[in-house]
Amino acid sequence: MRSLDYVRAGSIEQAVATHSKSPSAFFLAGGTTLLDLVKLDVMPADQVIDVNHLSLNQIEVQKDGGVRIGALVTNTALAHHDYIVEHYPVLSQALLSGATTQLRNKATTAGNVMQRVRCNYFRDGHSPCNKRQPGSGCAAIDGHNRSVHAVLGTSDQCIATHPSDMCVAMAAIGAKVEVQGTQGKRSIDFLDFHLLPGATPWKEHALKDDELITHVVLDPALANSRSGYLKLRDRASYQFALASSAVILVTDGDTVREARIALGGVGTKPWRALDAERALKGATLTPHNMEKAAALALQGARPYRHNAYKIALAQQAIVRNLSTLTA
Ligand code: SF4
């Protein structure tokens, strides 16, 4: 049995100072993923720093129309918040498509941003896995890689997908991650927060060792936009995406004024499809143009033995989402 020291943080300053002295410590909020990984011995830790009592559970609408979300706001509270439902339906839908009611009641905004991969070889604790044990290899590349493995942003070191639905919606909306460490506060663009695996798959995000996420700040919603999240998966509940799309659309008649597209289930990080967005801007939403944009979104995808089907599936997730929003 592993024993852990428990520290209940009374302030953000205390939390980050404690973490800076113990790099293998982890911040505990909802605990819906991290405690599993500690019990499985996938995440070696000797200390938990409980941040649940910090005042980071507010949802604040900003003067510019954006929203500042406290790190401890639960997925349930965020999904059902009136302003989010009205102005960011894509985010509400993405949140409600994830996990189960019980998990969403506990899981927090920052925890969702920080969630670890669902690769079975990562979580079994003994297979070769560069993310868990740097330099040990990647059992997934020639192994079973059908469902939680990517076709975009992979490397010869790691091909695991980022599992979050919420983050896909945030990537489409545009956001900043506010963090605080012993050296002060800073803000990280959401698209720069998660890192590609490259040669260092164990480095998953841009946080420094002592930094704590305090807020996620959403950009103001695009005026007169429609948005939606479409998640395709093996079963309708409590299942990770095989492919998903978050789409935000502003149209003038049949012409696209602005389009935002992000993908889940196919990338090693929440995947913004900028080429597809550019192709749609100024175009009419014909089936041909939607399919052309979807093809651009998957340009450069690299299939593995069991997941080549994801390329067509993700393209369909984009076309169907665009069609539904246009109808
Ligand atoms: Fe580990 Fe990544 Fe390979 Fe999975 S895909 S075994 S997480 S290195």
>> Which aspartates and glutamates, if any, have their Cα less than 19 Å from the Cα of Lys269, not counting same-chain residues under 8 positions apart?
In response: Asp156, Asp165, Glu178, Asp189, Asp192, Glu204, Glu277
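Arranged by the count of other C-beta atoms within 10 angstrom, fewest first, what order do Asp142, Asp219 take?
On the way: Asp142 10, Asp219 18.
Going from least to most buried by this count: Asp142, Asp219.
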> Quick one: Karplus J couplings for region 18-26, per residue in order, coefficients 6.51, -1.76, 1.60, θ = phi - 60°, nearest Hz, x for Gly and Pro?
Replying inline: 5, 5, 5, 8, 9, x, 8, 6, 9
> Per 10 Å bin from zero, what fraction in whole % of the C-alpha pairs of the chain is there, up to the bin with the longest pair?
Replying inline: 6, 26, 34, 24, 8, 1, 0
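Which value, in debye to the nearest 20, describes the size of the charge dipole of the chain about its Cα centre when Lys and Arg Cβ atoms bear +1, Asp and Glu Cβ atoms bear -1, and nothing else is charged?
On the way: 34 positive and 29 negative charges, 128 e Å.
Charge dipole, the chain, about its Cα centre: 620 debye, nearest 20.
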> Given the Cα-Cα distance of His288 and Ser3 and 0.36 nm per residue of separation, how much length would full extension add, in nm?
Replying inline: 96.7 nm
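What list do you get for Ile261, Ile311, Ile213 if you sort them by fewest beta carbons within 10 Å? Could the numbers behind the result be given before it?
Numbers: Ile261 29, Ile311 21, Ile213 26.
By the 10 Å Cβ count, ascending: Ile311, Ile213, Ile261.
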>> Please report the net charge: other residues with Cβ closer than 13 Å to the Cβ of Pro44, K and R +1, D and E -1.
In response: +1
> How long is the gain from Leu103 to Ser187 if the chain were fully straight, where each residue apart is worth 0.36 nm and the alpha carbon distance is subtracted?
Replying inline: 27.5 nm
>> Which entries of Lys231/Lys281; Lys185/Lys310; Lys106/Lys231; Lys21/Lys185; Lys131/Lys310; Lys185/Lys231 have Cα-Cα distances beyond 30 Å here?
In response: Lys185/Lys310; Lys185/Lys231
>> What does the extension gain come out to for His144 and Ser11, with contour length at 0.36 nm per residue minus their alpha carbon separation?
In response: 43.5 nm
> Can you give the FRET efficiency for Asp124 and Asp252, using 1/(1 + (r/R0)^6), R0 = 30 Å, r = Cβ-Cβ distance, to the nearest 0.05?
Replying inline: 0.05
>> In the chain, once you exclude exposed trypsin sites (Lys or Arg not before Pro) (DSSP loop, at most 11 other Cβ within 10 angstrom), what's the longest stretch remaining?
In response: 64-234
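Near Cys167, within a Cβ-to-Cβ distance under 15 Å, what is the net charge of the other residues, with Lys and Arg +1 and Asp and Glu -1?
Values: positive: Arg104, Arg116, Arg118, Lys176, Lys231, Arg260, Lys269, Arg272; negative: Asp165, Asp189, Asp192, Glu204, Asp219.
Computed value for this residue: +3.
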> With θ set to phi - 60° and the Karplus curve 6.51 cos²θ - 1.76 cosθ + 1.60, what are the ³J(HN,Hα) couplings of region 150-156 in order, to the nearest whole Hz, using x for Gly and Pro?
Replying inline: 9, 10, 10, x, 7, 9, 7
> Dipole magnitude of region 7-50 about its Cα centre, charges +1 at Lys/Arg Cβ and -1 at Asp/Glu Cβ only, in debye to the nearest 20?
Replying inline: 60
> Which residues' amide hydrogens lie under 5 Å from the amide hydrogen of Glu258, considering only partners 5 or more residues apart or on another chain, with H built in the peptide plane?
Replying inline: Val250
> Lys/Arg Cβ at +1, Asp/Glu Cβ at -1, dipole of region 1-128 taken about the Cα centre: which of Ser127, Ala71, Tyr88 is farthest positive-ward?
Replying inline: Ser127
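Under the rule that an exposed site lies in a DSSP loop and has at most 15 other Cβ atoms within 10 Å, name the longest stretch of the chain with no chymotrypsin sites (Phe, Trp or Tyr not before Pro) of that kind, not counting the sites themselves. Don't skip to the answer; put the middle values down first.
Numbers: sites that count: Trp202, Tyr238.
Longest stretch, sites excluded: 1-201.
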> Rounded to the nearest 0.05, what FRET efficiency is calculated for Arg305 and Ser24 with R0 set to 35 Å and r the Cβ-Cβ distance?
Replying inline: 0.50
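Taking the Cβ of each residue in Thr326, Thr32, Thr108 as the centre, tally the other Cβ atoms inside 10 Å and list the residues starting with the fewest. Write out the running numbers ahead of the final one.
Numbers: Thr326 13, Thr32 19, Thr108 26.
If I rank by nearby Cβ atoms, fewest first, I get Thr326, Thr32, Thr108.
Coordinate-derived values only; no laboratory data. The model shown is predicted, which means the values in this text are computed figures rather than measured ones. Cβ sites come from the backbone with ideal geometry, for glycine too, and all protein chains shown count toward neighbours.
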